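Comments concern the structure below.
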């Protein structure tokens with residue numbers, strides 16, 4: 001029996017034994033079994049048993065490729081894994097990661113808000129642990145190193161105690177000048193002092209200030225038998241030349257032909273300062289009382305070295321202020337010696353102001369062996385102390401029993417007052433007692449200053 005499409009099984013003849021047809025037709029053979037499929041872009045599929053000729057379709061133009069944006073991902077060798085990168089956040093905040101790990105964490109923080117918040121908290125916590133270090137050198141490093149060396153290293157040539165402040169202050173100023181360029185030597189410097197009852201100002205350059213120090217130091221050098229840097233300027237030649245004031249020596253040197261380049265004055269000043277210290281080191285204590293003439297007045301050699309140390313510090317402060325560089329006060333023992341010199345000069349300065357009518361008359365003549373009125377000066381801070389200044393008798397010694405006034409000043413402020421850097425009425429002094437006596441003593445302290 002044959003079906004509608006021929007015999008049920010191959011080889012079965014018509015009229016053979018009848019068999020029941022299966023209810024589910026067998027599966028068809030897969031199309032792939034007959035070979036590769038035709039290209040769908042070039043052949044139109046058709047249900048016809050005999051496909052037509054292929055139709056060529058137009059190929060659309062390929063779109064222009066978009067520019068590739070490099071994706072931020074972990075560098076090679078570092079897995080871009082959330083757990084691993086989260087565990088690195090602490091080291092990343094401390095800047096302890098390698099370059100590859102830091103790059104991976106940075107890339108991860110742009111995509112993960114939770115880790116970014118945690119990273120901010122960790123960085124803030126690290127900021128509380130220590131401050132960020134500045135890569136620039138501490139401007140006070142040189143000063144501290146020099147102070148430490150001067151305080152610990154014994155000098156090859158013993159220096160008298162009264163010459164040690166000058167030795168230290170010239171060394172500190174020389175260190176300040178060490179790195180100056182040629183343009184900085186011409187930086188304007190404001191010089192200030194007190195004359196009569198008013199403050200005076202004058203502008204000079206860094207080189208001119210150093211030349212001023214060298215010119216006045218030359219008076220001390222000449223007293224020690226050393227060469228005077230002004231020896232070739234006419235009035236300063238010869239052993240019988242009259243003594244002149246420090247201001248006159250400075251003006252004479254400034255009128256002369258200043259050396260060029262301006263920084264060359266440093267070598268001359270430094271060699272002179274070292275020669276002075278070396279000379280008194282060999283001379284020992286026997287030279288301490290030798291007189292150094294300063295024109296209208298004179299000082300023993302020991303006080304002259306303290307005076308030069310004080311002026312060197314003050315003018316170094318002027319230079320440092322002009323070039324915007326920090327400058328510390330001298331060591332406490334040296335500062336105390338400088339303050340003591342200024343206090344010892346106050347009674348004579350006060351008497352000199354009385355002679356020209358800038359201070360009131362003596363209020364009470366002192367009896368034999370009695371100092372008369374006394375002002376108690378308290379200088380606070382390092383290098384400070386207590387001094388009793390006789391007001392009516394320059395040669396007397398102040399006595400606490402005769403105290404009529406009391407003044408308290410900071411050590412640095414008292415030195416600025418004695419240098420004429422601040423006016424008497426501007427000094428922040430604690431005052432108690434006779435106001436007139438206090439005003440006269442503060443004015444006398446400012447009058448100690450000079451060019």
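The values are calculated or read from the model by the stated rules, or taken from the named source; none is laboratory data. Predicted model, so just to flag it, every value in this text is computed and none were measured. As a convention, Cβ positions derive from the backbone with ideal geometry for all residues, glycine included, and neighbour counts pool all protein chains shown.
Condition check ((1) at pLDDT 95 or above; (2) within 38 Å of the chain's Cα centre (by Cα); (3) closer than 26 Å to residue 332 by Cβ) across all residues:
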site: 368; (1), (2), (3): no, no, no
site: 415; (1), (2), (3): yes, yes, yes
site: 428; (1), (2), (3): no, yes, yes
site: 437; (1), (2), (3): no, no, no
- Enumerate the pairs (first residue in the stretch 424-451 and surrounded by fewer than 18 Cβ atoms within 10 Å (Cβ to Cβ); second residue anywhere and not in a helix (DSSP H, G or I)) with beta-carbon separation below 6 Å, excluding pairs fewer than 6 apart on the same chain, so at least 6 apart or on different chains. 430/408; 431/407; 432/406; 433/404; 433/405; 433/406; 450/193
- Task: Kindly list, by first and then second residue, each pair from a residue in the stretch 394-419 that is in contact (Cβ under 8 Å) with a residue 60 or more places away in the chain to a residue that is surrounded by fewer than 22 Cβ atoms within 10 Å (Cβ to Cβ) and assigned to a strand (DSSP E or B), limited to pairs with Cβ atoms under 8 Å and residues at least 6 apart or on different chains.
- Result: 411/380; 419/192; 419/193
